[in-house]
Amino acid sequence: MNILVFQHVASEHPGSLREVMRERGCAMRAVELDEGEAIPPLEDFNALLVMGGPMDVWETDKHPWLVEEMAAIRQWVEGGRPYLGICLGHQLLAQALGGEVGRMDKPEVGMSRVQVADDPIFAGLPALWPCMQWHGAEVKRLPEGAVALATSPGCAIQAQRWGRAAYGLQFHIEPTRDTTAEWSRMPSYKKALERARGPGGFAAMAAEVQAEIAGLNGAARVIFSNFLDIASG
């Protein structure tokens, strides 16, 4: 399976999902859209994975490539092709299909649990499992035909499915043991987290992630393996 990956900043990459790709014999092509890399011909790929990023879906004046990206996403999923969006990728899916994304009253940052619906992408997971949150925007209204699949007290639409195989997850499942260290080297990320959680916020979240990394990676493996099964089916 050939997987196309849209990235919006180098440090927000597929992380632990890359190990699942290697085990499944998938080939991955990452496109760094924020650095001006062009979207390749979509027909060369079997699945589209869209990662997170620090920008918002409405910031098309600052990041004009978002317009082309959302057009490509819309073309992809309207063709019935498998899609998985994480964090910003979840919001881009909703926005591209006519939903609404807006700022939250309070950012959701840190490790959390979400309540999920019965859906093939969550098959095999326990009732509660760890995920990581870092977002100040959320899907306010789903696009027509989409179904909400998960919720949390701070964010009503934590996951969505559109059609048979287009999924969005607001939460992060992909972090590795190195992820928070990678993000800490980005001054804008560190500053944003300190704003959200106060002084020492970055160190506190890093400790939370490390404490639950085994469960986080286990849930990521289940979810992404399920997605690949859906994609290949």
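Tabulated results
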{"item": "Label-point separation, A10 to A181 (7 Å along Cα→Cβ), nm", "result": "1.7"}
{"item": "The chain: DSSP helices with Cα axial extent of at least 24 Å and average Kyte-Doolittle hydropathy no lower than -1.0", "result": "213-232"}
{"item": "S188-A71 pseudo-label distance in nm [points 7 Å out on the Cα-to-Cβ vector]", "result": "2.4"}
{"item": "GNM result for the chain, Cα springs below 10 Å: residue of G215, G85, G25 fluctuating most strongly", "result": "G25"}
{"item": "Mean ellipticity per residue at 222 nm, deg cm²/dmol - from DSSP H runs of n ≥ 4 across the chain, formula -39500 (n - 2.57)", "result": "-10500 deg cm²/dmol"}
{"item": "Distance between modelled label sites at N2 and Q115, nm, 7 Å Cα→Cβ extension", "result": "4.3"}
{"item": "Length gained when the stretch A156-R195 is fully extended (0.36 nm per residue, less Cα-Cα span)", "result": "11.7 nm"}
{"item": "Simple Cβ-charge dipole of the chain, Lys/Arg +1 and Asp/Glu -1, about Cα centre, in debye nearest 20", "result": "480"}
{"item": "Segment W58-N46, extension gain: residue separation times 0.36 nm, minus the distance between their alpha carbons", "result": "1.5 nm"}
{"item": "Segment 100-165 and segment 179-195: distance between their alpha carbon centers, rounded to Å", "result": "23"}
{"item": "Alpha-carbon centroids, segment 18-54 and segment 196-218: separation in whole Å", "result": "26"}
{"item": "Loop sites in segment 33-127: trypsin sites (Lys or Arg not before Pro), DSSP, at most 13 other Cβ within 10 Å", "result": "K62"}
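Values quoted throughout were computed directly from the atomic coordinates according to the rules given, and no laboratory measurement underlies them. Quick caveat: nothing in here was measured; it's all calculated off a predicted structure. Using ideal geometry, Cβ is built from the backbone for each residue, glycine included, and neighbour counts are taken over all protein chains shown.
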